[in-house]
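Note sheet for the following structure.
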Amino acid sequence: AKAGADRSKEKGKDEGSTITSKIRSLLVGASVVVIVLGTFKMAMNLLDGGSAPAPQAMQDVPSEPAPQPAPPPAESKPAAPEQITPSMTSPTPIGRQSQNNAAPLPATSPGGSASVEIPPAPATAAPPASGEVTGALSGTSRARLGLVQVPPSERLPDAIGGPALRTAAMKGDATAAYEVALRFAEGKGVATNYDEAAKWYDRAAQAGVVPATFRLGTLYEKGLGVKKDADIARRYYTQAAERGNAKAMHNLAVLDADGGGRGANYKSAAHWFRKAADRGVADSQFNLGILYARGIGVEQNLAESYKWFSLAAAQGDTDASGKRDDVAKRLDPQSLAAAKLAIQTFSAEPQPDDAVNVATPNGGWDSAPQASAKPAAKAVATKRSASAAH
């Protein structure tokens, strides 16, 4: 009986081994089929131009999310005007006069301030850094100016100038267009006509003449030949200021300080007064001294106030002389000495030549048949109060 049981066990083992072997064979066979099919599919993908699937180890690494398009920038809103009441004892308003040259202005302000000419940049001064003045061009170049679009029906009076000027202007010379606008605005050879001046300034400005852009801004600020519009004036001043025109910088600051119907923005005013003051505009230096003395648009800094009043006084501003002396009494000896050192080392930054000058022919438009680059004389900046300016 025992022997029969042993045979039964051996028979069961043999049958179990046989079944296990069959299952293993089936699994191995299935694996081979899967491998073969997978290899075949991979080969087909490669033949079709596809790429082999990435190994599992790479797929397990979380990939960075695809970059999403940036949302459109939110419309910038002008900073709320600073509600600051000037505290420094002084009757002088902030925003002393615009540097307007579009129309003849009285030589003295209601307060008796004399006219002051903006000093030319020192001949040895290095050009400003490229990041300081946006879009600044080096030198006056007629080749860089576009052509003025003049309608065929346009006519210029003979009294506006000689044949050279009239022919050049009608053919689209931008510098000739600027000269024509200047003569209409100043009544040179013809009766003053701001409508014509604005038209020709606009043509020259569109062709890239920076002083024309500045003067067109003055016409819109004053409402001469065009409808008075502070926003349009601000736009033209900004364009000229970004090309390096210091008078445009000053006028832009005056509009910001005055408000122009939108409320005073002393922070922006201080920014543009500083840029113009750095370039030697005496009125901007004076106004900057006021802002630093009162802490309006900038942090109060009496040493800076003393510096800018002193620099304006050095250009003949008698009001600045008195305020400089008043501020000096409030400074400690060490701060006063540091301010005086800053004054001694100050050097006005030069303006790009094409920002302030317009090429003219040798001998002038009325005598020379051919034009060649020669800087025009710099205009005189007339001083007056911001209240008179608006």
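Throughout, read-outs are computed from the coordinates displayed, never taken from laboratory work. Here the structure is a predicted model, which is why all the values come from computation and not from measurement. Ideal geometry is used to build each Cβ from the backbone, glycine not excepted, and the neighbour counts take in all protein chains shown.
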Next item on the list: Please state, as a whole number in µm²/s, the translational diffusion coefficient that the Stokes-Einstein equation yields for region 266-350 at 4 °C and 1.567 mPa s, with Rh defined as the Kirkwood radius across alpha carbon pairs.
Entry: 105 µm²/s
Checklist line | Virtual spin-label span in nm between K267 and D326, 7 Å along Cα→Cβ | finding: 2.7 nm
Check: Using θ = phi - 60° and the Karplus curve 6.51 cos²θ - 1.76 cosθ + 1.60, what whole-Hz ³J(HN,Hα) does each residue of region 190-200 get, with Gly and Pro shown as x?
Finding: 9, 5, 4, 9, 6, 4, 5, 4, 4, 5, 6
Margin query: If I take every Cα pair under 8 Å that is 6 or more residues apart in region 266-350, average their sequence separation and divide by the length, what percent do I get for the relative contact order?
Written below: 27 percent
Checklist line | Whether region 223-366 is rounded, prolate or oblate, judged on the alpha carbon gyration tensor where a/c under 1.5 counts as rounded | finding: oblate
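Taking every pair of Cα atoms in region 140-257, average 1/r, invert it to obtain the Kirkwood radius, and report Rg/Rh to two decimals.
0.98
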Next item on the list: In whole Hz, with x marking every Gly and Pro, tabulate ³J(HN,Hα) for region 229-235 from phi via Karplus 6.51 cos²θ - 1.76 cosθ + 1.60, θ = phi - 60°.
Entry: 8, 5, 5, 5, 4, 4, 5
Next item on the list: Using Cα pairs closer than 8 Å and at least 6 residues apart in sequence, work out the relative contact order for region 167-302, in percent.
Entry: 13 percent
Check: Hey, which of these cross-link pairs are over 31 Å Cα-Cα: K227/K323; K222/K267; K199/K307?
Finding: K227/K323; K199/K307
